[in-house]
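Below is one structure; the comments refer to it alone.
The values are calculated or read from the model by the stated rules, or taken from the named source; none is laboratory data. These numbers come from a predicted model, not from an experiment. Cβ placement follows ideal geometry from the backbone for every residue including glycine, while neighbour counts extend to all protein chains displayed. Accessible surface areas use protein heavy atoms only, side chains included; no ligands, DNA or RNA. Shrake-Rupley method; radii C 1.70, N 1.55, O 1.52, S 1.80 Å.
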Amino acid sequence: MLYAASGTFGATGILYTLDPATGAVLTTVGNLIDATGNHYGMTGLKYDSTQTPAIFYGATTTSSPTNPNYLVIVDPATALVTPIGPFGVGGYITDLAIDPTTGIMYGVSGNNQKFYTINTATGQAVQTGSTGIAFQSGGALAADRTGALFGITTTPLSAPTSFYSYDKTTGMATLIGLTGLGNFVLGADFSPSNVFYGMEGNGGIDNVHLRWLVTCDVTTGNCTRVGQIQIGVTPVHDLDALAFIPQ
């Protein structure tokens with residue numbers, strides 16, 4: 001199942017499920033709220049199958065109404081949010097990636113070139129290297145089934161959107177190619193069949209909060225739109241996080 005969550009521009013977070021074949025919303029799971037009814041906005045979602053039971057993690061935005069720049073747990077059935085702790089760094093985390101072979105969580109920043117590992121028990125982000133490509137615009141990051149890391153950024157903001165691989169030890173990013181997309185890619189994840197999916201929108205040639213589901217070729221970096229993310233014919237705005245949960 002493919003999940004998406006909202007959170008850009010301080011939007012109240014909502015959790016959705018999407019059709020990977022079209023980008024259409026299948027269900028609205030609910031508002032992202034904690035046990036006392038406080039609202040959260042998400043910039044990252046990732047499922048950790050290495051733990052028993054498995055855990056669905058979220059990273060809140062810097063403009064989240066509650067606990068900004070936090071690691072949280074999200075219940076995929078109800079959208080209930082359980083806070084873990086703050087990332088505790090100057091640079092906010094724009095997306096998460098979890099190596100399915102080790103369970104290590106990684107993050108990149110939206111306001112510097114630092115590369116982080118994240119303590120899933122406390123939320124603490126520790127710099128372990130540098131991407132070498134400045135801050136991550138959009139900030140999509142994901143690990144494939146072998147644990148290899150890939151991501152998309154637009155650096156500087158006027159440059160074409162580019163697809164990278166990352167060294168897990170140093171954080172150094174290596175350019176694979178241009179995506180061919182006109183906007184940022186705000187979230188990403190690999191499907192159970194190991195296809196790279198991303199969520200395009202915001203910035204670039206579009207700054208009206210629209211979103212499209214895309215797939216990308218990890219050997220060339222080229223991306224293709226699957227479809228606009230919408231409920232019926234109504235676009236869904238302010239989405240900022242994307243993740244698969246295998247069924």
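The H on the amide N of residue 73, modeled in the peptide plane, is under 5 Å from the matching H of 58, 82, 84, each at least 5 residues off or on a different chain. What shape does segment 54-172 have by the C-alpha gyration tensor, where a ≥ b ≥ c are the square roots of the eigenvalues, rounded means a/c under 1.5, and otherwise prolate means a/b greater than b/c and oblate the rest? Here segment 54-172 falls in the prolate category. Taking 120, 52, 179 as the candidate residues, the one with maximal mean-square fluctuation in a Gaussian network model of the chain, Cα springs under 10 Å, is 52. In the context of the full protein assembly, residue 1 retains an accessible surface of approximately 80 Å², using a probe radius of 1.4 Å and ignoring ligands and nucleic acids.
Note on the chain: with neighbouring protein chains present and a 1.4 Å probe, carbon and sulfur make up 56 percent of its accessible heavy-atom surface. Under the classification rounded if a/c is under 1.5, otherwise prolate if a/b is larger than b/c and oblate if not, where does segment 139-190 fall, given a ≥ b ≥ c as square roots of the Cα gyration tensor eigenvalues? It comes out prolate by the Cα gyration axes. Please list log₁₀ I(q)/I(0) at q = 0.17 Å⁻¹ for segment 1-51, using the Debye equation with identical point scatterers on the alpha-carbon positions. Log-scaled intensity ratios, in q order: -0.58. Listed values for segment 219-227 are Karplus-derived 3J(HN,Hα) couplings in whole Hz (6.51 cos²θ - 1.76 cosθ + 1.60, θ = phi - 60°), namely 8, 10, x, 5, 10, 10, 5, 8, x, and x replaces Gly and Pro.
Rolled with a 1.4 Å probe across the full set of protein chains, the surface gives residue 245 an accessible area near 10 Å². Net charge in the neighbourhood of residue 143 (other residues with Cβ under 14 Å of its Cβ; Lys, Arg +1, Asp, Glu -1) is -3. Tell me the net charge near residue 152. Cut-off is 15 Å between Cβ atoms, residue 152 excluded, with +1 for each Lys or Arg and -1 for each Asp or Glu. The answer is -4. Between 80, 213, 15, the residue with the greatest mean-square fluctuation in the GNM of the chain (Cα pairs under 10 Å linked by springs) is 80. Surface analysis of segment 67-114 yields an accessible area of 35 Å² per residue, using protein heavy atoms and a 1.4 Å probe. When the Gaussian network model of the chain links Cα atoms closer than 10 Å, the mean-square fluctuations of 169, 12, 82 top out at 169.
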